[in-house]
Amino acid sequence: MKKKYWGILVVLLMLLMIAQASYLERKKQPEEVAVNVEHPILIWYTDPDIQSYMEDAAAEAAARYQVEVRAELVSEVDYIENICEKSVSEQMEGPDVYVASSALLEKAALAGLTTPVTDAGLAHTYSEKAVQAATYDGTVVARPFYIETCFLLYNRSYVDPSDVPDTIDEILEYAETFEADEATEKVEHIFEWNVADVIDNYMFMGAYTDLGGPDGDDKSRVSMDIEKVTECMDYYQNLNGFFAIDADTVTSQDIIREFAEGKTVFTIVNVPMLAELDRGASEPFYQAAPLPALTEDLATRGLSVTGTVVVNPYSLNLDAANACARYLTCERAGKLYEESGKMTACKSLLEEEKTEEKGGLFGYRSLYERLLGNQKTASEETPDVHRIVYEAYEQAAEVPKIMELSNIWLQLEVVLADIWRGDDPGEKLSEFSALLSEQLD
């Protein structure tokens, strides 16, 4: 019986290893693309943080598809307008492919500058949330590229992962009972975040605000529950008395530096701040968690922005443009975080990392160890920080695509700053709600 058991196990492992080898070999095969070599591929982007990634990706894509590919960093001022002007010129001088925030997709689509994405397997490659971020008027018009959102970080030297607070109320309780000792002598802040950053602060109103429905493009879905948001803003304002963060001087750089120095227990950060922390940490001392609720009765919801890659329908080399867009956003995106500090939107890459950690595509090493009784269950493993960040992204509200709302963030930033400094929350929120309605009329 024992020999039969081992025989079945060996055969099963061999089949899994063969399947994995076949899968990895297929991944290495370049995609066959019809290329018009007379028309090079031009890629535009506006974020200097991704310059290294874009230039390397362009060079590799050129070798892969045997067509000249150039990546060009351009100004974000009148970005869509400039793409339109260059695209409709007599000789098509615009980009074949361009990187754009999800917030710009309505403007791009209405200008006729998007191409429907018909790739098979989108639902497997990306989360439903990421696909919605790249959708306008019911059509997927771009490929998700990278994600941005906020989440909680905590110092594992001060907080056990099993005791991470679920609410800010619990963080306040932690602060009240906190006693400095030899292990915590560096601590100067229990909880700190950039109260001058509207993206960080949106969590305090996000659970009771809708900015255009799941796809962020439905004007009839723009609304605020003023009563609930006012309760949240009252709570937000009271936090100033506990943590005394100066909105006039606080910066994200200071926040992450003090956390890295062990001076802060809990903090709210975004992906670039995490990347900066990762670059400077010789050994991770931190863990991520979803955004905490305010209280048991008041929820929070963060804000997210998705960088996308759009294929210009005016391209004279559409097949190659689509191939380059796929290469940028998924096939090479495993290098994105390391080279640019941006977190890939390609969820399937995270799943592949998970299976490779366990011994390959099908986790054969994990299976082998489970059969021997030596493998921990998934629930016993420490969650990866990047997977927690992706989960936070999936729970967040995406910035709206509605063009009339493109300037609300500057206005909301002022509203939140005034409330933090002591202005009446109800009055400020009523003014902001009226402004929203006025802009949509």
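The values are calculated or read from the model by the stated rules, or taken from the named source; none is laboratory data. Because the structure is predicted, anything quoted here is derived from the model rather than measured. Here Cβ is always computed from backbone atoms with ideal geometry, including for glycine, and neighbour counts include all displayed protein chains. We work out accessible area using only protein heavy atoms, side chains counted, and drop any ligands, DNA or RNA first. Shrake-Rupley method; radii C 1.70, N 1.55, O 1.52, S 1.80 Å.
Residue by residue, here is whether (1) loosely packed, with under 14 Cβ neighbours inside 10 Å; (2) of a type outside the set (Asp, Glu) holds:
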| site | (1), (2) |
| --- | --- |
| Val385 | no, yes |
| Glu394 | no, no |
| Val414 | yes, yes |
| Leu440 | yes, yes |
**OP:** Could you please find all residues in the range 159-178 being part of a helix (DSSP H, G or I) and either over 18 Å from Phe259 (Cβ atoms) or free of Cβ contacts under 8 Å to residues at least 12 places away in the same chain (or both)?
**Re:** Ser162, Asp163, Asp169, Glu170, Leu172, Glu173, Glu176, Thr177
Original post:
Only one of Glu283, Glu296 is out of contact with any Cys (no Cβ under 6 Å at 6 or more places or on another chain) and either open to solvent by less than 10 Å² (accessible area, probe 1.4 Å) or at pLDDT 95 or above (or both); which?
Top reply: Glu296
Original post:
What single numbered condition from (1) among the β-branched types (Val, Ile, Thr); (2) in contact (Cβ under 8 Å) with a residue 24 or more places away in the chain; (3) part of a helix (DSSP H, G or I) fails to hold for Val131?
Top reply: (2)
Subject >> Failed condition for Phe362, given (1) within 21 Å of Val271 (Cβ to Cβ); (2) at pLDDT below 95; (3) in contact with a Ser or Thr (Cβ under 8 Å, 6 or more places away or on another chain) >> reply: (1)
Original post:
Would you pick out the residues in the range 396-435 that are under 18 Å from Ala244 (Cα atoms), in contact with a Lys or Arg (Cβ under 7 Å, 6 or more places away or on another chain) and in contact (Cβ under 8 Å) with a residue 40 or more places away in the chain?
Top reply: Ile419
**OP:** Please work out which one of (1) under 14 Å from the mean Cα position of the chain (by Cα); (2) in contact (Cβ under 8 Å) with a residue 24 or more places away in the chain is the condition Met273 fails and give its number.
**Re:** (2)
Subject >> Residue list for the range 249-272, filter: open to solvent by 10 Å² or more (accessible area, probe 1.4 Å) and in a helix (DSSP H, G or I) >> reply: Ser252, Gln253, Asp254, Arg257, Glu258, Ala260, Pro272
Original post:
Looking at the range 96-114, which of its residues are open to solvent by less than 30 Å² (accessible area, probe 1.4 Å) and in a strand (DSSP E or B)?
Top reply: Val97, Tyr98, Val99, Ala100
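Rundown of residues vs (1) closer than 22 Å to Leu416 by Cα; (2) open to solvent by 40 Å² or more (accessible area, probe 1.4 Å); (3) in contact with a helix residue (DSSP H, G or I) (Cβ under 8 Å, 6 or more places away or on another chain); (4) assigned to a helix (DSSP H, G or I), yes/no style:
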residue	(1), (2), (3), (4)
Ala180	no, yes, no, no
Phe191	yes, no, yes, no
Val195	yes, no, yes, no
Ser220	no, yes, no, yes
Glu231	yes, yes, no, yes
Asn238	yes, yes, no, yes
**OP:** Could you please let me know if Thr115 is without any contact (Cβ under 8 Å) to a residue 60 or more places away in the chain and in contact with a Pro (Cβ under 7 Å, 6 or more places away or on another chain)?
**Re:** no
Original post:
Can you tell me which residue in the range 120-173 is nearest to Lys107 (Cα to Cα), limited to those that are of a type in the set (S, T, N, Q) and surrounded by fewer than 17 Cβ atoms within 10 Å (Cβ to Cβ)?
Top reply: Thr139
Subject >> Selected residue (only one of Ala323, Ala392 is assigned to a helix (DSSP H, G or I), at pLDDT 95 or above and out of contact with any Pro (no Cβ under 8 Å at 6 or more places or on another chain)) >> reply: Ala323
Original post:
Before we move on, is Ser304 open to solvent by 30 Å² or more (accessible area, probe 1.4 Å) and touching a strand residue (DSSP E or B) at 6+ places or on another chain (Cβ under 7 Å)?
Top reply: no
**OP:** Scan the range 62-102 residue by residue and report those that are aliphatic (A, V, I, L, M) and over 21 Å from Gly341 (Cβ atoms).
**Re:** Ala62, Ala63, Val67, Val69, Val77, Ile80, Ile83, Val88, Met92, Val97
